[in-house]
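Working notes, beginning with the structure itself.
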Amino acid sequence: MEMGAGKGNTAKWLRQTHGAFILTSDINPKAVEIQEKNGLLGVVSDARKIQIDDWNGISFYLEYFPLIYMEGLLCNQKGKDINNVITSAWSFLSPGGHLLIADIRNAASANTAFSNLENHQQLIHDWYKRYKKNQEAFNLLGLKLPPYHFMVFKPGEYKYREWGSPQDLVRGFNDPEVFERIARHLGPNSIKKIIRKLPGLEIVEELDEVFYSRTGPLNGWVLHMVKGPRYQLYPWYKDMTKNQRQNYQDIRRFESRANPRYWDDYRNRLVKNFNQARINKDLTKDIIQSLNFN
Ligand SMILES: C[S@@+](CC[C@H](N)C(=O)[O-])C[C@H]1O[C@@H](n2cnc3c(N)ncnc32)[C@H](O)[C@@H]1O
């Protein structure tokens, strides 16, 4: 599954080159339309929540996906949303599953791959000019934002204004036709702190990368994590491995899902498992509230 897949270019490439079957998701319905035009299976979904394909309010895709990745999604988030996106990915990841997070840090942070580029000094210089102009624009707008935040304008003819003067940025910000969002470059260290609190998730690789955007090379990083071998949330299979689950003769398999007691039991166990996993409280509350069986 890809979270915040945008147009789905990476998923399309993975399908064409590796035959991968990927569920792409994005909060923006226009992006999902493009994913579908690209022949992908796309869903509109908010990555900050447990929200992929609910049926009767229960997500059957929890602990389901063997690989989840997100590229440039965290730089769209702020504050506790970052934690919620990562926790949500953890909830969807199957036992033994892989989680890959790729994002962009501030241009001058150490990265051998990036500093091997011949023109990296110039790129850093250009980005610092852009950060500075954005800070001036935020000041003019009375917004208090820490360093490395910048405005992103909607795709199309206004894009070039992102690199304009602080006044250009203020005008763009005030025009709903032009303004898309505020983003910011972030390093992997703040993300690692969140990951260490998620049960069973282990960082197995950390890479420096160069990503290429419309505006040229960017200073990027990748974190690769693997989840422990046992189910942690799944009501009937908690603490089992995938193999144990397969061999498990579950009496409930033959019970009717039309029986409300089935769902009461499901819900109670799921809530208990979420509480036991001690993941962030906000998300647990959201999940419990979204388990609406009526
Ligand atoms: C910088 S783009 C990256 C797109 C794509 N991953 C790529 O690498 O080309 C960020 C994407 O995340 C999506 N996004 C932002 N917040 C989101 C959220 N809370 N849930 C799902 N998608 C979100 C945006 O709509 C946008 O398509």
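Only the coordinates and a few stated rules stand behind these numbers; no lab work does. Computed from a predicted model, the values in this text were never measured in an experiment. We place every Cβ from the backbone using ideal geometry, glycine too, and count neighbours over all the protein chains shown.
For the chain, what is the calculated [θ] at 222 nm in deg cm²/dmol (nearest 500), taking -39500 (n - 2.57) for each run of four or more DSSP H residues and dividing by its residue count? Mean residue ellipticity, 222 nm, calculated: -11000 deg cm²/dmol.
Between residue 21 and residue 197, what FRET efficiency comes out of the Förster formula 1/(1 + (r/R0)^6) with R0 = 35 Å and r the beta carbon distance, rounded to 0.05? Don't skip to the answer; put the middle values down first.
Working: r = 31 Å, r/R0 = 0.88.
That pair, residue 197 with residue 21, gives E of 0.70.
Extending 7 Å from Cα along the Cβ direction at residue 30 and again at residue 67 yields two label points whose distance is 3.0 nm.
For the pair the range 145-202 / the range 46-115, the C-alpha centres are spaced 17 Å from each other. Close amide H pairs (under 5 Å, H built 1.01 Å from N) link residue 5 with 25, 26, residues at least 5 positions away or on another chain. Between residue 265 and residue 115, the C-beta separation translates, for a Förster distance of 41 Å, into a calculated FRET efficiency of about 0.15. Springs join every pair of Cα atoms under 10 Å in this Gaussian network model of the chain, and among 143, 74, 100 the largest mean-square fluctuation is at 143. Taking θ as phi - 60° and the Karplus parameters 6.51, -1.76 and 1.60, the scalar couplings of the range 202-215 work out to 10, 7, 10, 7, 9, 10, 8, 9, 10, 9, 10, 10, 3, 8 Hz in sequence order, x denoting glycine and proline. Rounded to the nearest whole Hz, the Karplus-based 3J(HN,Hα) values (6.51 cos²θ - 1.76 cosθ + 1.60, θ = phi - 60°) of the range 238-249 follow the sequence 3, 6, 8, 7, 4, 5, 4, 4, 5, 8, 7, 8, with x at glycine and proline.
Sort 263-270, 175-182 by the packing proxy (mean of other Cβ within 10 Å over each peptide's residues), most packed first. Present the calculation step by step, with values, prior to reporting the outcome.
Details: 263-270: 15.8, 175-182: 14.1.
Ranking the peptides 263-270, 175-182 by packing returns 263-270, 175-182.
Our coupling estimate for the range 182-192, obtained by passing each phi through the Karplus curve with A = 6.51, B = -1.76, C = 1.60 and θ = phi - 60°, is 9, 10, 8, 7, 9, x, x, 5, 5, 6, 4 Hz, Gly and Pro reported as x. Rg and Dmax of the chain, both derived from C-alpha coordinates alone, stand at 21.2, 67 Å.
For residue 209, the residues 5 or more places off, or on other chains, whose built amide H falls under 5 Å of its own are 220, 221, 222.
Just checking the listed ones, 257, 245, 171: in the Gaussian network model of the chain with Cα springs under 10 Å, the one fluctuating most is 257. If both residues of a DSSP beta bridge must be in the chain, then about 65% of such bridges are antiparallel.
Given a cut-off of under 8 Å on Cα pairs at least six residues apart, what relative contact order in percent is computed for the range 93-211? It would help to have the intermediate numbers written out before the result.
On the way: 110 pairs, mean separation 35.3, N = 119.
It rounds to 30 percent for the range 93-211.
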